[in-house]
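Trainee: This is the structure, below, for whatever I ask next.
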């Protein structure tokens with residue numbers, strides 16, 4: 001039998017840690033729904049050829065095969081590993097490929113623009129490292145149009161994320177910075193200065209943070225055939241960032257003229273204008289942001305936790321003019337995806353957020369004797385009927401032991417049933433020692449004690 | 001490229017159907033937490049040897065391999081498909097095997113008895129059919145002890161489930177019947193009448209519903225070597241069922257004496273006694289219930305939707321004296337598992353439960369002109385700040401078109417911003433046509449309209 005041990009890349013949380021993750025997930029879901037995004041889930045598997053259609057992720061896919069699959073040759077078997085890529089199933093590595101398939105499969109039944117959120121696990125067979133997992137949770141929002149999709153949805157995406165994270169500040173989640181760019185700016189600018197390999201240039205410029213401007217300039221000259229002036233101009237564009245629309249003026253000051261560039265600058269200005277009003281200080285333009293730009297066609301986003309920039313982006317996305325197409329119709333979309341596991345892992349690992357207790361119970365109902373357990377159960381049922389989470393002591397141990405049972409789990413109250421049928425029970429706040437007569441049909445815990453909460457850690 | 005089509009055995013819901021599933025899941029989670037069960041999630045994968053340790057499910061397991069796994073021979077690779085069963089990973093087919101591993105892995109950090117709920121997808125490579133899926137959602141509760149686990153937790157399991165389903169009655173979920181048995185009764189009874197192959201006898205009696213008592217009696221004689229009298233006695237035991245403790249008297253009236261039988265009857269009586277008080281009419285003793293009894297060691301449960309008995313059990317479980325063991329310590333447990341996908345699939349398929357709308361938005365804020373979109377966004381932000389889900393119209397189309405946009409999605413209210421800065425906006429209930437001046441910092445929708453709800457369908 002294999003050793004009992006954690007699997008690298010497959011994080012699991014303790015019950016108290018899961019309270020933190022659940023709070024984050026509930027907050028994201030609630031914010032997404034306040035903004036009108038309908039929740040869906042898709043199956044965990046997709047045909048391999050769909051997973052590979054983007055070309056770049058083949059290494060990361062987990063394939064499935066049934067242990068005894070070969071025993072059933074007569075079955076119309078979508079899970080065989082002996083067939084073509086269309087017959088083989090793999091675990092999805094993001095929620096965008098499944099969304100594209102879901103939209104095509106259900107196009108006739110969906111109302112467009114289709115606003116959906118999706119919070120699910122995804123799997124990538126990558127080498128695990130800090131912030132990178134083989135199984136992790138993503139929380140995505142996307143808006144999908146039928147044929148067209150107005151630009152204003154590109155403004156909306158980072159504002160929804162800003163709203164969600166604003167709701168998380170009070171529990172100790174650091175501030176975020178959402179960096180935005182627009183592919184049209186880069187593409188138009190490069191074309192305007194005579195660089196034709198836009199994707200190659202983007203990929204090279206994307207290395208700025210890793211290798212620095214001198215090395216990027218060298219690569220642009222060596223690999224993209226850029227002149228010294230072209231390389232300098234591309235680097236000058238990438239160096240521009242800022243939280244207001246002066247970034248647009250600074251791009252124009254570089255003196256490049258191109259229609260696509262102008263379109264991109266207009267869009268970026270609209271986004272930044274809205275951000276200054278609705279999420280001041282959160283959203284900044286950063287013209288070196290690339291994010292796999294051969295996929296995106298307009299705005300792109302990436303997000304860092306302030307003070308934890310080394311963690312990488314915790315929330316990324318962008319506009320894609322062709323999320324899906326069935327040959328007749330094309331569905332453009334814009335979306336953004338929160339890397340929940342990466343975020344939660346850092347919040348827990350750095351002690352930024354902590355749960356107030358590890359169990360849901362606000363009350364432990366004690367048991368005097370095993371014979372009186374039904375009376376304790378009755379009290380618990382009365383509390384639950386009023387929405388108060390509780391549990392009954394496991395044994396009729398000495399009261400000190402029952403109180404320690406509650407204390408170890410962070411359960412704040414212990415209920416002592418009346419010892420005779422006529423008497424009234426009492427409830428003790430085991431933190432303060434305060435003990436009062438109490439009626440299970442009327443007593444209320446302090447509001448902050450009702451459910452496990454989360455708060456800023458001591459880190 | 002593979003055809004866009006549903007995959008048999010991998011159900012997916014529309015946004016409106018997902019509202020129903022989410023309501024069910026939220027109700028289960030909330031009920032479990034009211035009863036003090038802490039939520040955890042485990043990774044989707046386990047080493048193959050752990051998945052196969054129970055011996056009977058090997059056919060059902062989906063194995064994983066990385067598409068490019070062979071390219072990385074230097075990696076300490078837990079996911080290779082060329083190693084031993086301990087190196088190979090498979091998707092979990094239930095939440096009990098992962099729980100056993102989680103308990104062993106975290107034993108030193110968990111507080112026992114450990115009450116946990118777990119709501120996750122599981123995968124089985126079975127041939128799909130009505131009520132059987134290759135990917136489905138389970139919602140489990142278990143209580144795990146360290147060394148010992150008092151019997152009263154076996155009473156608790158079906159009562160928590162009864163509580164959860166009682167909360168679902170008002171939305172159209174049919175009544176449930178939880179059938180309970182106790183392995184000690186069967187084992188003690190069979191031993192008492194001289195049948196030594198207890199597991200074989202149980203497996204044969206388990207076929208009663210399929211092949212009837214005559215055929216079962218014949219098999220008992222042919223395969224278990226039972227005499228006519230032994231077969232008759234076993235069938236007489238299996239025929240006993242009822243909602244009160246008279247079932248115990250009827251077993252005793254069969255005249256078999258055995259200590260284990262007596263212990264089982266005492267336990268069953270305690271369970272039924274509690275059920276009559278706390279969940280009258282829901283829990284019945286049914287002495288033919290078997291449920292893979294070579295695994296269970298005490299109470300066993302299975303649950304049918306009244307009127308939908310052909311669907312099979314929607315919630316099953318039982319007591320297992322050895323959930324997990326590390327050689328030094330043994331962890332007994334009792335648990336019960338709701339088959340959420342089977343349940344939801346029937347509720348939707350039979351039109352028993354329906355969502356009040358398919359999107360979260362209670363309000364569509366209309367847009368007069370694209371230039372005035374910021375004003376509409378401001379109104380939406382004010383509503384959201386007060387917890388009212390809403391969205392802004394996708395385009396400044398004619399008002400009739402905007403109202404139809406809301407109508408198609410079931411959004412009950414359309415907000416018309418003031419056309420001049422000084423004016424007040426108005427909100428229209430598009431069902432009644434009622435239109436009133438409204439202030440986004442004060443207006444409230446009818447409580448029933450705030451979020452999408454679920455209600456009994458027209459079936």
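Trainee: What number of residues within region B:423-442 are surrounded by 14 or more Cβ atoms within 10 Å (Cβ to Cβ) and either in contact with a helix residue (DSSP H, G or I) (Cβ under 8 Å, 6 or more places away or on another chain) or in contact (Cβ under 8 Å) with a residue 60 or more places away in the chain (or both)?
Mentor: Count: 5.
Trainee: Could you tell me whether region B:207-215 includes any residue that is within 29 Å of the chain's Cα centre (by Cα) and buried (at least 23 other Cβ atoms within 10 Å of the Cβ)?
Mentor: Looking for residues that are within 29 Å of the chain's Cα centre (by Cα) and buried (at least 23 other Cβ atoms within 10 Å of the Cβ), one finds none in region B:207-215, hence no.
Trainee: Is it true that residue B:387 is on the phi > 0 side of the Ramachandran plot and touching a helix residue (DSSP H, G or I) at 6+ places or on another chain (Cβ under 8 Å)?
Mentor: Yes, satisfied.
Trainee: Search region B:119-141 for residues being more than 21 Å from residue B:52 (Cα to Cα) and not in a loop (DSSP other than H, G, I, E, B), and hand back the single one that is farthest from the chain's Cα centre (by Cα).
Mentor: The residue in question is B:129.
Trainee: Only one residue in B:125, B:108 is farther than 30 Å from residue B:310 by Cα and modelled with pLDDT under 95, so which one is that?
Mentor: Testing whether each residue is farther than 30 Å from residue B:310 by Cα and modelled with pLDDT under 95 leaves just B:108.
Trainee: Within region A:99-131, can you find the residues that are out of contact with any helix residue (DSSP H, G or I) (no Cβ under 8 Å at 6 or more places or on another chain), buried (at least 23 other Cβ atoms within 10 Å of the Cβ) and within 9 Å of another protein chain (Cβ to nearest Cβ)?
Mentor: Once the filter is applied, which keeps residues that are out of contact with any helix residue (DSSP H, G or I) (no Cβ under 8 Å at 6 or more places or on another chain), buried (at least 23 other Cβ atoms within 10 Å of the Cβ) and within 9 Å of another protein chain (Cβ to nearest Cβ), region A:99-131 yields A:102, A:115, A:123.
Trainee: I would also like to ask the following. Could you list, in sequence order, all residues of region B:355-391 that are crowded, with 21+ Cβ neighbours inside 10 Å and away from chain A (no Cβ under 13 Å)?
Mentor: B:366
Trainee: Give, as residue ranges, the helices (runs of 4 or more DSSP H) completely inside region B:183-285 that count at least 3 residues that are without any contact (Cβ under 8 Å) to a residue 60 or more places away in the chain.
Mentor: Answer list for region B:183-285: B:198-205, B:208-223, B:228-238, B:246-252, B:259-278.
Trainee: Does residue A:373 qualify as being in the same structural domain as residue A:415 (by TED's automatic domain parsing), free of Cβ contacts under 8 Å to residues at least 40 places away in the same chain and either farther than 24 Å from residue B:118 by Cα or part of a strand (DSSP E or B) (or both)?
Mentor: Yes.
Trainee: For region B:392-419, which positions are without any contact (Cβ under 8 Å) to a residue 12 or more places away in the chain and at the interface with chain A (Cβ under 10 Å from one of its Cβ atoms)?
Mentor: B:394, B:408
Trainee: Please go through (1) within 26 Å of residue A:13 (Cβ to Cβ); (2) surrounded by 23 or more Cβ atoms within 10 Å (Cβ to Cβ); (3) more than 9 Å from every other protein chain (Cβ to nearest Cβ) for residue A:168 and return the number of the only condition it doesn't satisfy.
Mentor: Going through the list (1) within 26 Å of residue A:13 (Cβ to Cβ); (2) surrounded by 23 or more Cβ atoms within 10 Å (Cβ to Cβ); (3) more than 9 Å from every other protein chain (Cβ to nearest Cβ), residue A:168 breaks only (2).
Trainee: What is the one condition in (1) in a loop (DSSP other than H, G, I, E, B); (2) modelled with pLDDT under 95; (3) farther than 22 Å from residue B:206 by Cβ that residue B:307 does not satisfy?
Mentor: (2) is the only condition that residue B:307 fails.
Trainee: What number of residues in region A:21-51 are more than 8 Å from chain B (Cβ to nearest Cβ) and either in a loop (DSSP other than H, G, I, E, B) or over 14 Å from the mean Cα position of the chain (by Cα) (or both)?
Mentor: Of the residues in region A:21-51, 2 are more than 8 Å from chain B (Cβ to nearest Cβ) and either in a loop (DSSP other than H, G, I, E, B) or over 14 Å from the mean Cα position of the chain (by Cα) (or both).
Trainee: Could you list, in sequence order, the residues of region A:6-17 that are part of a loop (DSSP other than H, G, I, E, B) and either closer than 29 Å to residue A:360 by Cβ or in the same structural domain as residue A:343 (by TED's automatic domain parsing) (or both)?
Mentor: Across region A:6-17, the qualifying residues are A:6, A:7, A:10, A:11, A:12, A:13, A:14.
Trainee: I'm told residue A:348 meets every condition in (1) crowded, with 19+ Cβ neighbours inside 10 Å; (2) under 32 Å from the mean Cα position of the chain (by Cα); (3) over 30 Å from residue A:94 (Cα atoms) except one. Can you identify the failing condition by its number?
Mentor: (3)
Trainee: Can you tell me which residue within region A:313-330, out of those that are within 12 Å of another protein chain (Cβ to nearest Cβ) and within 23 Å of residue B:394 (Cα to Cα), is surrounded by the fewest Cβ atoms within 10 Å (Cβ to Cβ)?
Mentor: Among those residues, the one meeting the criterion is A:325.
The values are calculated or read from the model by the stated rules, or taken from the named source; none is laboratory data. From a predicted model like this one, the values you see are computed outputs, not experimental measurements. Glycine also receives a Cβ, built like all others from the backbone with ideal geometry; neighbour counts cover every protein chain displayed.
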